[in-house]
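Q: For reference, the structure I am asking about is given below.
Just so you know, all these numbers are worked out from the coordinates, no wet-lab data involved. Predicted model, so just to flag it, every value in this text is computed and none were measured. Note that each Cβ is placed from the backbone with ideal geometry, even for glycine, and that neighbours are counted across all protein chains shown.
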Ligand SMILES: [Zn+2]
Ligand SMILES: [Zn+2]
């Protein structure tokens, strides 16, 4: 990863963006830029599913990049899907430069529970690291503690840690000069 920008798509919790800016900048040892918020592209909306198609959004995310080699992580509160799945927490181009994540299902209120800002931010960090891991070239990891493990439910996100496992870190450090 050469450079990283955050792109809010639609209204997004400002404390989530703040946290991602700080934590991702620390994790990848690079400055994080913040792009002006954009509206969620309406043509990605599926009125039957009442969700936005993640792969479709990735094209718009890519178009917002200020430079070819800048990785852009878009964050939205809208619920996302890909055709073969009920929903996705996020989606990324493998070894690419575009990623999108949704905070919809990271929020306790989605499950009829009391809002927890701290839990929302913790889950958002894990999801951001997961999607960015894909852009850097990591695939799903069998280590259930690793952020690169596949999470189909929010409980699985809560069960994993806030960083890459040792083997994922070695891979990142060796091939992409990401600090271990
Ligand atoms: Zn994944
Ligand atoms: Zn791993």
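Q: Mind listing whichever residues of the range 19-42 are surrounded by fewer than 13 Cβ atoms within 10 Å (Cβ to Cβ) and either touching a helix residue (DSSP H, G or I) at 6+ places or on another chain (Cβ under 7 Å) or farther than 22 Å from residue 87 by Cβ (or both)? Please lay out each step first, then the result.
A: Here is the first cut: in the range 19-42, the residues surrounded by fewer than 13 Cβ atoms within 10 Å (Cβ to Cβ) are 22, 26, 29, 31, 36, 39, 42.
If the condition is that a residue be surrounded by fewer than 13 Cβ atoms within 10 Å (Cβ to Cβ) and either touching a helix residue (DSSP H, G or I) at 6+ places or on another chain (Cβ under 7 Å) or farther than 22 Å from residue 87 by Cβ (or both), then 22, 26, 29, 31, 36 are the ones that fit.
Q: Something else now. Against the condition away from ligand 1 (no atom under 14 Å from the Cβ), assigned to a helix (DSSP H, G or I), surrounded by 13 or more Cβ atoms within 10 Å (Cβ to Cβ) and touching a residue at least 12 places away in the same chain (Cβ under 8 Å), how does residue 125 come out, does it pass?
A: When the stated conditions are applied, residue 125 passes them.
Q: Hey, another quick one. Is it fair to say residue 119 is away from ligand 2 (no atom under 16 Å from the Cβ), more than 13 Å from the chain's Cα centre (by Cα), outside any loop (DSSP other than H, G, I, E, B) and surrounded by 13 or more Cβ atoms within 10 Å (Cβ to Cβ)?
A: yes
Q: While we're on this one: Specify which of the listed residues (161, 137, 133) is in contact with a helix residue (DSSP H, G or I) (Cβ under 9 Å, 6 or more places away or on another chain) and on the phi > 0 side of the Ramachandran plot. If you could, list the steps in order and put the result at the bottom.
A: On the way: 161 fails: on the phi > 0 side of the Ramachandran plot; 133 fails: on the phi > 0 side of the Ramachandran plot.
Residue meeting the stated conditions: 137.
Q: Can you name every residue in the range 131-167 that is near ligand 2 (Cβ under 10 Å from one of its atoms) and surrounded by 19 or more Cβ atoms within 10 Å (Cβ to Cβ)?
A: Answer for the range 131-167, where residues must be near ligand 2 (Cβ under 10 Å from one of its atoms) and surrounded by 19 or more Cβ atoms within 10 Å (Cβ to Cβ): 133, 138, 141, 146, 147, 148, 149, 160, 164, 165.
Q: Would the range 39-55 turn up any residue that is under 19 Å from residue 132 (Cβ atoms) and under 15 Å from the mean Cα position of the chain (by Cα)? Don't jump to the end; show me each part of the working.
A: Initial filter on the range 39-55 (under 19 Å from residue 132 (Cβ atoms)): 54-55.
Still in the running and under 15 Å from the mean Cα position of the chain (by Cα): 54-55.
There is at least one residue in the range 39-55 that is under 19 Å from residue 132 (Cβ atoms) and under 15 Å from the mean Cα position of the chain (by Cα).
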